[in-house]
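Asks: One structure follows; several queries about it will come next.
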Amino acid sequence: MSIFSRFLPKRKPVEIKNNMPKEKENIKKTFGVYCHSHHDTKGDKLCPKCTALLATVMTKMNRCPYGITKPICDRCDRTAICFGAKQAQEFLGIMSGSQKRMFLSHPMMAIKHKLASMGVDYAKYQQAKKIDDKVKAKEAAAKKRAKERKDSK
Ligand SMILES: [Zn+2]
């Protein structure tokens, strides 16, 4: 603790953001956009198949092991575990297949989703880098030990 620390602004408590409502809203909109263009539906109506899949996604999301701070579903590693392999594939197909249309009909939401997706990429990159650094450090330490052993002979 330095004597200067008391002059620094106090740290704000970490705010826990509830990502759930935004994520649900985004998925609902994306399903709407997809179903309207692929299954010829209109307004709030979705075809029976999309309605069923959407209902599954919504229920499963409530049981997300990450809780309210969850990452976005279409970039999550657990999609197949949460939704089941077949439904995960359909879900991901709808989410990625409607990206362009989402940008046209709900630009703000699409941009925010894109940013969240980039955030996931960045977090994954950081995580991979951390592991990579650890491996490299271990390798370097092993090499050093080997060299020391050689030198001591
Ligand atoms: Zn549909």
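Asks: With a cut-off of at most 14 other beta carbons within 10 Å, and DSSP calling the residue loop, which chymotrypsin sites (Phe, Trp or Tyr not before Pro) in the range 35-144 qualify? Please list them.
Replies: Y66
Asks: Hey, got a sec? Which trypsin sites (Lys or Arg not before Pro) in the range 60-89 land in a DSSP loop and have at most 15 other Cβ atoms within 10 Å?
Replies: Within the range 60-89, the qualifying trypsin sites (Lys or Arg not before Pro) (loop, at most 15 other Cβ atoms within 10 Å) are R63, R78.
Asks: Report the relative contact order of the chain, percent, no decimals, based on alpha-carbon pairs under 8 angstrom and at least 6 residues apart.
Replies: It comes to 23 percent, rounded to a whole number.
Asks: Take S105, S96 and order them by how many other Cβ atoms sit within 10 Å, fewest up front.
Replies: With the fewest neighbours first, S105, S96 line up as S96, S105.
Asks: Calculated FRET efficiency, K130 and L92, Cβ-Cβ r, R0 30 Å, to nearest 0.05?
Replies: Efficiency at R0 = 30 Å is approximately 0.65.
Asks: Can I ask one more? For C47 and K112, FRET efficiency with R0 = 22 Å and r from the beta-carbon atoms, rounded to 0.05?
Replies: The pair K112/C47 has a calculated efficiency of 0.25.
Asks: Still on this model: Output ³J(HN,Hα) for the range 88-102: one whole-Hz value per residue in order, computed from phi by the Karplus curve 6.51 cos²θ - 1.76 cosθ + 1.60 with θ = phi - 60°, and x for Gly and Pro.
Replies: Whole-Hz 3J(HN,Hα) from phi for the range 88-102: 4, 5, 5, 4, 5, x, 5, 5, 7, x, 9, 4, 5, 5, 4.
Asks: Sequence gap at least 6, Cα distance under 8 Å: using those rules, report the relative contact order of the range 29-100 to the nearest whole percent.
Replies: Value for the range 29-100: 36 percent.
Asks: Right, next: Per-residue HN-Hα couplings for the range 118-135, Karplus 6.51 cos²θ - 1.76 cosθ + 1.60 at θ = phi - 60°, whole Hz, x for Gly and Pro?
Replies: Result, rounded to whole Hz: 5, x, 5, 4, 5, 4, 5, 4, 4, 5, 4, 5, 4, 5, 4, 4, 4, 4.
Asks: Sticking with this one: How would V33, V57, V135 line up from fewest to most surrounding beta-carbon atoms within 10 angstrom?
Replies: V135, V33, V57
Just so you know, all these numbers are worked out from the coordinates, no wet-lab data involved. This is a predicted model, so every value here is computed, not measured. Counting neighbours? That spans all protein chains shown, and the Cβs are built from the backbone with ideal geometry, glycine included.
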